[in-house]
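Asks: Here you go, one structure.
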Amino acid sequence: MAPDPSRLAINQATVRPQWTLAQAIEGFARQNVRGIAVWRDKLAECGVEEAATMLRDHGMTVTGLCRGGMFPAADAAGLQAALDNNKRAIEEAHAIDARCLVLVAGGLPEGSKDISGARRMVADGLAEILPFARSAGVPLAIEPLHPMYAADRCCVNTIGQANDLCDALGAGVGIAVDVYHLWWDPALEAGIRRAGKERILAFHICDWLVPTTDLLLDRGMMGDGIIDIPRIRGWVEATGYDGFHEVEIFSKDNWWQRDADEVVTVCRERHGTVC
């Protein structure tokens, strides 16, 4: 079945260069898109209080705040800075009533080749901030990233690893399922089933282009690549997930070069026809 158009959300990254947060709120609402994921730098530019007011006045649901995480560090000072930054992010997520704080775990500390050690730092960092997040009522959404980012961005690379962290940490931690990062995983269906409704805090959609010309900034619009988005959506919704379908596209040479209203229009069209 075609997805319910009211469940479309757009991550601010999709129109990142074109629109400020205020412009994105107004632009999405103008096309009856009522879900938005906010980026912290854009939030800081706008001001947290002003943003919270605008989001409320436009009837927007904040699907997530991007991003926390980046735990691994070369020394104790770096680790403490990461913990402090994550606590600030939790406060910001609470202030704008975000459904979750999206966490990108972080990669290897500078000079390190110890990926197991980096993963231990991620687990320890999550355990450290979790009580603060629970007290603020902000769920933490671990986002596994494609293995191509394991060294520099995220050493949590499969839904299985994310589920293991959730098992170890307990209530207040879940998963952001992003088709761009997870489509390739032969254990994805089983991992989604294992996660279940309670753990799946966000569902991100876009497409994988062939060829991909930039490993960070060449994501495709839904339908332009090779990801079977309806199948993965089916697995996610079979758990009982009834949240938003969040378009998150980084595209420096294509979608970031287009008029933002056009991008939103295409997101709406493709959500209804190919997702």
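Asks: Can you tell me which of (1) more than 21 Å from residue 245 (Cβ to Cβ); (2) in contact with a Ser or Thr (Cβ under 8 Å, 6 or more places away or on another chain); (3) in a loop (DSSP other than H, G, I, E, B); (4) not hydroxyl-bearing (Ser, Thr, Tyr) is the one residue 18 doesn't meet?
Replies: (2)
Asks: Just one of (1) at negative phi; (2) in a loop (DSSP other than H, G, I, E, B) trips up residue 240, so point out which.
Replies: (1)
Asks: Any residue in region 249-256 that is surrounded by fewer than 14 Cβ atoms within 10 Å (Cβ to Cβ) and closer than 25 Å to residue 18 by Cα?
Replies: Yes.
Asks: Can you go through 152, 178 and tell me which one is of a type outside the set (A, V, I, L, M) and either touching a helix residue (DSSP H, G or I) at 6+ places or on another chain (Cβ under 9 Å) or touching a residue at least 60 places away in the same chain (Cβ under 8 Å) (or both)?
Replies: Answer to the selection: 178.
Asks: (1) at pLDDT below 95; (2) part of a helix (DSSP H, G or I): which one isn't true of residue 215, the others all being true?
Replies: It is condition (2) that residue 215 fails.
Asks: Pick from 21, 65: which is touching a Leu at 6+ places or on another chain (Cβ under 8 Å), within 20 Å of residue 135 (Cα to Cα) and among the hydrophobic types (A, V, I, L, M, F, W, C)?
Replies: Criteria check complete, one pass: 65.
Asks: Also, quick follow-up: Is there a residue being within 30 Å of residue 128 (Cβ to Cβ), assigned to a strand (DSSP E or B) and small (Gly, Ala, Ser) anywhere in region 174-196?
Replies: Yes, that holds for at least one residue.
Asks: For region 130-152, give me the residue count where each residue is more than 16 Å from the chain's Cα centre (by Cα) and part of a loop (DSSP other than H, G, I, E, B).
Replies: Within region 130-152, residues that are more than 16 Å from the chain's Cα centre (by Cα) and part of a loop (DSSP other than H, G, I, E, B) number 4.
Asks: Condition test on residue 74, is it out of contact with any helix residue (DSSP H, G or I) (no Cβ under 7 Å at 6 or more places or on another chain), outside any helix (DSSP H, G or I) and at pLDDT 95 or above?
Replies: Taking the combined requirement at face value, the residue satisfies it.
Asks: Tally the residues that are assigned to a helix (DSSP H, G or I) and aromatic (Phe, Trp, Tyr), restricting the search to region 243-261.
Replies: Number satisfying all stated conditions: 2.
The values are calculated or read from the model by the stated rules, or taken from the named source; none is laboratory data. Since the structure is predicted, the reported quantities are computational estimates derived from the model, not experimental observations. Virtual Cβ from ideal backbone geometry, glycine too; neighbours counted across all protein chains shown.
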